[in-house]
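Student: My questions all concern the structure below.
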Amino acid sequence: MKSINWLTLIVVLSAVFAPLAQAEEAVPRLKVALALGGGGTRGAAHVGVLKVFKEAGIPVDMIAGTSMGTIVGGLYAAGVPLPDIEQKFRDVSLMKSYMTIPIPVRILIAPAFATAHLFGWRPYDGLYFGNKFATYMNKSVPEDKRLVEKLNIPLHAVATNLVDGKPHVLSSGNFGRVMQASSAVPILRRPVEIDGKLFVDGAVGANVPVTQAKAMGADIVIAVNVDERVSILPLKTFRKVGSVSHRVMDLYLSMEDTDQLEAADIVIHPMVDGIGLISTNKKDAIKAMEAGEKAAREALPAILKKLSMTQTASVQ
């Protein structure tokens, strides 16, 4: 029996399987974008969602974020480990850097700022400047990631330009400053001036930025909506101080987000009802993260199916 010429066999097998391997390589992996919505402390749910995605191997190629969605997405895009981001919510350091002084105290000292106007000082309208928060955010990421265009994952931060009244994408510039602009809640925070534009919270124009995520070139957009659900409430609810404004905000966001959410391929909506936008209670943050994780796990089958179906269609 003649001995096998192994070299010849390898050459033959290579010739047979090489076209198959090349065909497989020719099909590019689908690009997945996350559209992370705004919602203050409720946005801690984004951490839970990202945790599940990482465990399940769901790719995140690009991120569009608004307000807290920008903040969590920005930290993740900068390479900050998820346990470290989670800790910022657990120890409440992130929200305390955002709310440096309790609102009642800030309102009490407001007359002092008003008096300063008599001497020519003309800051933009709002209770807080937000500069300490920008510094906190810059210190939270590596030095070489303190420009948005240098992040590991492309990030489009959405803010609303008061000058023209339209949503605007910030994809470059100082990291902390961009985080400050995207999360500058009107009245609570002063607008942020960048390149002749004046920015407030992106939620005013695009709270769940699906359109902005699609514009980044994504094949699949997964939206994470951290709005409270609009349910029927008893009349007595609105006798509480702040209850009317809270309700109006929920109604506004619900209506505003409808079109954006309809444009998403997958929508994840964690149960974050009852969590205040600016809560500094770590129990609320933990509840939100757990809700995000639960909702993401429930959405996994649909996400995997979508990835599989779309990938198969692209091959055909």
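Student: Which net charge results when you count Lys and Arg as +1 and Asp and Glu as -1 among the other residues whose beta-carbon is under 11 Å from that of THR41?
Tutor: Charge balance in the 11 Å sphere: +3.
Student: Going by amide H atoms built from the backbone, whose H comes under 5 Å of the H on ARG189, apart from near neighbours?
Tutor: LEU127, TYR128
Student: For the range 258-305, I need the span (max minus min coordinate) of the C-alpha atoms along each principal axis, in Å, sorted largest to smallest.
Tutor: 37, 24, 11
Student: Please label the shape of the range 164-253 as rounded, prolate or oblate, based on the square roots a ≥ b ≥ c of the eigenvalues of the alpha-carbon gyration tensor (a/c under 1.5 means rounded; beyond that, a/b larger than b/c means prolate, else oblate).
Tutor: Details: a/c = 3.06, a/b = 1.50, b/c = 2.05.
In terms of gyration-tensor shape, oblate.
Student: I need the phi-derived Karplus couplings for the range 74-91: 6.51 cos²θ - 1.76 cosθ + 1.60, θ = phi - 60°, integer Hz, Gly and Pro marked x.
Tutor: x, 4, 5, 5, 7, x, 5, x, 4, x, 6, 5, 4, 5, 5, 7, 5, 8
Student: Can you pick out the pairs among LYS31/LYS54; LYS214/LYS306; LYS150/LYS306; LYS51/LYS282; LYS240/LYS287 whose Cα atoms lie more than 20 Å from each other?
Tutor: Cα-Cα > 20 Å for LYS150/LYS306; LYS240/LYS287; rest within.
Student: Starting from the coordinates of the alpha-carbon atoms of the range 122-223, obtain the Kirkwood hydrodynamic radius over all distinct pairs and give the value in Å to one decimal.
Tutor: 14.0 Å is the Kirkwood radius here.
Student: Over the Cα atoms of the range 203-316, what radius of gyration and what Dmax do you get, in Å?
Tutor: Calculated on Cα positions, Rg and Dmax stand at 16.9, 60 Å.
Laboratory data are not the source of any read-out in this text; all were calculated from the coordinates shown. The structure presented is a predicted model; accordingly, all values stated were derived computationally and were not measured. Glycine also receives a Cβ, built like all others from the backbone with ideal geometry; neighbour counts cover every protein chain displayed.
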